[in-house]
């Protein structure tokens with residue numbers, strides 16, 4: 001270390017206050033990134049400190065390994081978590097994610113990190129009760145680290161370049177793991193063409209989760225309720241398509257297995273039922289935006305035409321997480337403007353787990 | 001106590017905000033407005049006028065958010081302005 005600039009401060013408290021004052025914090029106290037802590041962090045990854053992992057809009061500045069490590073220290077990550085943060089930065093900054101738009105839109109989408117793979121449990125990621133909430137260091141600090149990178153390296157500040165009308169609390173930390181062990185389906189990452197033995201991070205920019213009730217209900221009833229929530233007129237998706245995320249609670253997953261629902265079955269059911277009549281959709285966004293993002297087969301002259309929430313069933317992402325099965329959850333996306341799911345392999349040092357990362 | 005800076009060197013100049021805005025004199029600012037700027041831009045312009053002495057604004061309002069800006073307009077903005085704000089907002 002280090003290509004990064006350094007400053008001298010009196011002590012820990014002075015560092016925290018300086019970071020608040022100068023706008024390098026997300027509004028919560030940070031862990032002061034001393035050279036020693038950052039060096040320790042950098043020793044955990046295969047990348048060199050000066051390697052450029054991505055460029056982060058709107059500044060389009062280079063996010064080097066070292067800058068990401070500095071922000072990960074600030075967020076409270078352990079060194080073992082840095083490879084996950086780096087994968088998340090890579091995923092978020094992929095061109096198809098349109099991070100420039102995600103960072104600056106008036107919409108409330110925030111990059112959600114979804115962790116899959118064999119080491120999610122050894123790292124301690126929560127995939128059950130309160131999965132979107134507080135209480136677990138990996139979820140909290142990895143999520144926070146990505147947001148700090150987007151803020152500090154991207155130069156993105158609310159009301160200046162970040163024009164989100166509301167945003168949501170996931171802007172502090174928004175990271176879940178899939179409950180692969182209790183899912184009736186292959187892991188979400190495997191459905192996205194990775195091997196089950198690989199650790200994978202998927203980033204999908206979305207609104208905060210909305211719980212959808214379904215206590216002891218048959219699967220078709222649960223899905224009907226989910227479809228109703230997915231197709232709310234005020235969400236971007238029914239207006240301009242894009243992608244959505246549906247999270248089936250761990251407690252509800254056995255019912256899906258017992259009734260023989262595949263993930264593709266769920267996607268098709270939701271896609272067929274999560275629709276709104278065109279007359280309900282009209283008048284809330286520019287007509288040309290609706291027209292641009294809607295499927296070409298949609299008859300825009302028919303006010304009764306059923307408008308889907310995505311252009312295809314595959315754009316409805318389905319995974320298992322959370323606790324007892326009183327609720328499932330929906331996270332609406334930004335729509336066809338961007339923020340769609342992008343997955344990246346987590347790259348470990350060869351000796352990270354006492355074995356080669358295959 | 002030494003701590004590392006979490007922002008890239010290019011952004012450290014932002015700490016005083018001095019580099020923001022049009023350089024040169026007279027500071028004429030170009031704006032390409034996607035339609036939302038009529039709401040969002042006035043308070044920004046107030047700040048730029050107060051802090052940077054922006055004297056004039058060449059304002060181009062797009063007919064809709066997805067419309068392209070023609071080359072003649074871009075040439076005009078380039079010729080007349082020291083900086084251009086391109087509003088992309090959705």
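The values are calculated or read from the model by the stated rules, or taken from the named source; none is laboratory data. Please read these numbers as outputs of a predicted model, since none were measured by experiment. Virtual Cβ from ideal backbone geometry, glycine too; neighbours counted across all protein chains shown.
Out of A:53, A:70, I need the residue that is more than 17 Å from the chain's Cα centre (by Cα) and in a helix (DSSP H, G or I). Which one?
Within the list A:53, A:70, the selection yields A:70.
Of the residues A:323, A:340, which is in contact with a strand residue (DSSP E or B) (Cβ under 9 Å, 6 or more places away or on another chain), closer than 18 Å to residue A:193 by Cβ and part of a loop (DSSP other than H, G, I, E, B)?
A:340
So which of A:44, A:61 ends up being crowded, with 18+ Cβ neighbours inside 10 Å and more than 29 Å from residue A:160 (Cβ to Cβ)?
Being crowded, with 18+ Cβ neighbours inside 10 Å and more than 29 Å from residue A:160 (Cβ to Cβ) holds for just one of A:44, A:61, which is A:44.
With respect to residue A:304, determine if the residue is without any contact (Cβ under 8 Å) to a residue 60 or more places away in the chain, under 21 Å from residue A:233 (Cβ atoms) and part of a loop (DSSP other than H, G, I, E, B).
Yes, satisfied.
Of all residues in the stretch B:43-55, count the ones that are loosely packed, with under 12 Cβ neighbours inside 10 Å and either more than 14 Å from chain A (Cβ to nearest Cβ) or in contact (Cβ under 8 Å) with a residue 24 or more places away in the chain (or both).
Number of matching residues: 1.
Give A:130, A:135, A:124, A:211 a once-over and let me know the one that is assigned to a loop (DSSP other than H, G, I, E, B) and within 18 Å of residue A:248 (Cα to Cα).
A:130
For the stretch A:293-323, what are the residues that are under 15 Å from residue A:179 (Cβ atoms) and over 22 Å from the mean Cα position of the chain (by Cα)?
Once the filter is applied, which keeps residues that are under 15 Å from residue A:179 (Cβ atoms) and over 22 Å from the mean Cα position of the chain (by Cα), the stretch A:293-323 yields nothing.
Within the stretch A:66-76, does at least one residue satisfy the condition of being on the phi < 0 side of the Ramachandran plot, more than 14 Å from chain B (Cβ to nearest Cβ) and buried (at least 24 other Cβ atoms within 10 Å of the Cβ)?
Checked the stretch A:66-76: no residue is on the phi < 0 side of the Ramachandran plot, more than 14 Å from chain B (Cβ to nearest Cβ) and buried (at least 24 other Cβ atoms within 10 Å of the Cβ).
Search the stretch A:102-115 for residues being at pLDDT 95 or above and within 14 Å of chain B (Cβ to nearest Cβ), and hand back the single one that is nearest to residue A:33 (Cα to Cα).
Step by step, filter the stretch A:102-115, then rank; the result is A:103.
Considering only residues that are assigned to a helix (DSSP H, G or I) and more than 8 Å from every other protein chain (Cβ to nearest Cβ), look in the stretch A:1-17 and name the one that is nearest to residue A:68 (Cα to Cα).
Per the criteria, the residue is A:16.
Taking the condition at pLDDT below 80 and farther than 21 Å from residue A:106 by Cα, does residue B:87 pass?
no
Regarding residue A:28, is this residue within 10 Å of chain B (Cβ to nearest Cβ), within 29 Å of the chain's Cα centre (by Cα) and at pLDDT 95 or above?
When the stated conditions are applied, residue A:28 does not pass them.
Among A:36, A:47, which is the only one that is over 28 Å from the mean Cα position of the chain (by Cα) and either in a helix (DSSP H, G or I) or more than 10 Å from chain B (Cβ to nearest Cβ) (or both)?
A:36
When the stretch A:104-121 is examined, which residues are found to be buried (at least 24 other Cβ atoms within 10 Å of the Cβ) and within 14 Å of the chain's Cα centre (by Cα)?
Within the stretch A:104-121, A:109, A:110, A:111, A:112, A:113, A:114, A:115, A:116 qualify.
Scan the stretch B:56-73 for residues that are surrounded by 15 or more Cβ atoms within 10 Å (Cβ to Cβ) and out of contact with any strand residue (DSSP E or B) (no Cβ under 8 Å at 6 or more places or on another chain) and jot them down.
Hit for the stretch B:56-73 is B:65, nothing else.
Output the number of the condition that residue A:87 fails; it satisfies all remaining conditions of (1) farther than 17 Å from residue A:349 by Cβ; (2) in contact with a strand residue (DSSP E or B) (Cβ under 7 Å, 6 or more places away or on another chain).
(1)
Report, by residue number, each residue of the stretch A:209-227 that is touching a helix residue (DSSP H, G or I) at 6+ places or on another chain (Cβ under 8 Å), in contact (Cβ under 8 Å) with a residue 12 or more places away in the chain and either surrounded by 24 or more Cβ atoms within 10 Å (Cβ to Cβ) or farther than 22 Å from residue A:339 by Cα (or both).
A:212, A:213, A:214, A:218, A:219, A:220, A:222, A:223, A:224, A:226
So which of A:277, A:332, A:264 ends up being crowded, with 20+ Cβ neighbours inside 10 Å and modelled with pLDDT of 95 or more?
A:332
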